[in-house]
Amino acid sequence: MSASNLRILAGDIGGTKTTLGLFDLAGALLRQDTFESQDYEVFESLLGEFLASEGDRVVHTCLAVAGPVVDESVDVTNLPWVVRAANVRSYVNSGPVHLINDIEAIAWAIPSLAPEDLCTLRQGDPEGNGVRAVIAPGTGLGEAFLIEQEGRVVAFSGEGGHANFAPTNELQIELLRFLLGDHDHVSYERVASGSGIPHLYRFFRDGRRMEETGPVSERIEKSSDPTRVILRAALDGTSAPCEKTLGTFVSILGAEAGNLALRAMATEGIYLGGGIPRRILPALQQPAFLEAFDAKGRFTGLMRTIPVHVIIREDVALFGAATHAQSKLSASTA
């Protein structure tokens, strides 16, 4: 088989949607399909459907998965799937298979993003230490960072979204007490992700007894995706509890993004990925996000120098997975 028929298989496996793509060895996207993850009992059924009509030879596979990778296996967060590299190999039937965290995949993509892939909240004054970080609220909350030195990229992912939520004002302390009534552990993911937004909304509607309009309440109760309804009503200004939900979400996300910047000393920039930031871009462009990001006491001056960007490219994790596969191929042939 000629080199023109050799392919990279890349994937972005999430709790809501899964996207698979085939790339040529130069990194050009040839075919891409998106699936509703909940429609499939196991990942292999979805993969088999995607590959059924493909006659080209896959020589390297990289799948970005929402969950921690342990022993070439991932229990997918917010989805009852276990993705195993060994099972994927049996379907692909050639070439290495790598599983990486989905936020790590976003980190791999960052050095190659074009200006049109980003919306910059602050240009900042990058220090040049080569460290950048990603915080990505989607269905869950992912965090990662990357180091780029002499043209070589190394990306690392963690599970910082599951760290303890640390309130920064009296309202957030009240929120924490409210959530502790139902949960033994309140993480940042519980309050700063797509799955967490309904918790914030319930706090304002039920805990603080804010009155909701009938039409918005009905849409939220009937929707299979209440987060989308809450955010839309907040941005439209048609619901007071939804507006308070979004405002609090933005402040909490800003504070945790700043925490991540400090932990990694990501003075080259913080990048917001995931589906939520793209949806709420007008809210992120208001002062509240950066005010919460910068509020780090004696380090406020440093925080104000850190560039902050929103990734608006939708297929960034898929692109990052393909980039990771390319780097592995290049290393193996060097």
Matching residues, the stretch 50-77, being surrounded by 19 or more Cβ atoms within 10 Å (Cβ to Cβ) and at pLDDT below 85: ALA66, GLY67, THR77
Subset of the stretch 296-314 (residues that are surrounded by 17 or more Cβ atoms within 10 Å (Cβ to Cβ) and within 20 Å of PRO111 (Cβ to Cβ)): ILE306, PRO307, VAL308, HIS309, VAL310, ILE311, ARG313
Qualifying residue in the stretch 78-96 (condition: closer than 29 Å to VAL308 by Cβ, among the hydrophobic types (A, V, I, L, M, F, W, C) and touching a His at 6+ places or on another chain (Cβ under 8 Å)): no
Residue in the stretch 274-295 that is among the charged types (D, E, K, R), within 23 Å of ALA107 (Cβ to Cβ), in the same structural domain as PHE165 (by TED's automatic domain parsing) and touching a Leu at 6+ places or on another chain (Cβ under 8 Å) present: yes
Test: residue in the stretch 320-327 that is of a type outside the set (A, V, I, L, M, F, W, C), under 28 Å from ILE100 (Cα atoms) and surrounded by fewer than 21 Cβ atoms within 10 Å (Cβ to Cβ): yes
Matching entry among GLY128, GLY138 (being buried (at least 17 other Cβ atoms within 10 Å of the Cβ) and out of contact with any strand residue (DSSP E or B) (no Cβ under 7 Å at 6 or more places or on another chain)): GLY138
Conditions (1) in a helix (DSSP H, G or I); (2) at pLDDT 95 or above: number failed by ARG132: (1)
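With respect to GLU256, determine if the residue is in the same structural domain as ALA292 (by TED's automatic domain parsing), closer than 20 Å to PRO137 by Cα, at pLDDT 95 or above and surrounded by 21 or more Cβ atoms within 10 Å (Cβ to Cβ).
Criteria met by GLU256.
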Counted residues, the stretch 177-197 - those being of a type outside the set (Lys, Arg) and either crowded, with 17+ Cβ neighbours inside 10 Å or not assigned by TED's automatic domain parsing to the domain that holds SER217 (or both): 13
Residue count for the stretch 75-113, restricted to those that are more than 15 Å from HIS60 (Cα to Cα) and in contact (Cβ under 8 Å) with a residue 60 or more places away in the chain: 17
Conditions (1) surrounded by 13 or more Cβ atoms within 10 Å (Cβ to Cβ); (2) farther than 18 Å from ALA64 by Cβ; (3) touching a residue at least 24 places away in the same chain (Cβ under 8 Å): number failed by ILE147: (3)
Yes/no for THR267 being in a loop (DSSP other than H, G, I, E, B) and in the same structural domain as SER193 (by TED's automatic domain parsing): yes
Boolean, LEU231 is crowded, with 20+ Cβ neighbours inside 10 Å and in the same structural domain as PHE145 (by TED's automatic domain parsing): yes
Long-range neighbours under 9 Å by Cβ, at least six apart or interchain, first residue outside the structural domain of ASP12 (by TED's automatic domain parsing) and more than 15 Å from LEU262 (Cα to Cα) within the stretch 124-139, second assigned to a strand (DSSP E or B) and among the acidic types (Asp, Glu): ALA136/GLU143
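The values are calculated or read from the model by the stated rules, or taken from the named source; none is laboratory data. Keep in mind that what you see is a predicted model, and the values were worked out from it rather than measured. FYI the Cβ positions are ideal-geometry reconstructions off the backbone, even for glycines, and counts take in every protein chain you see.
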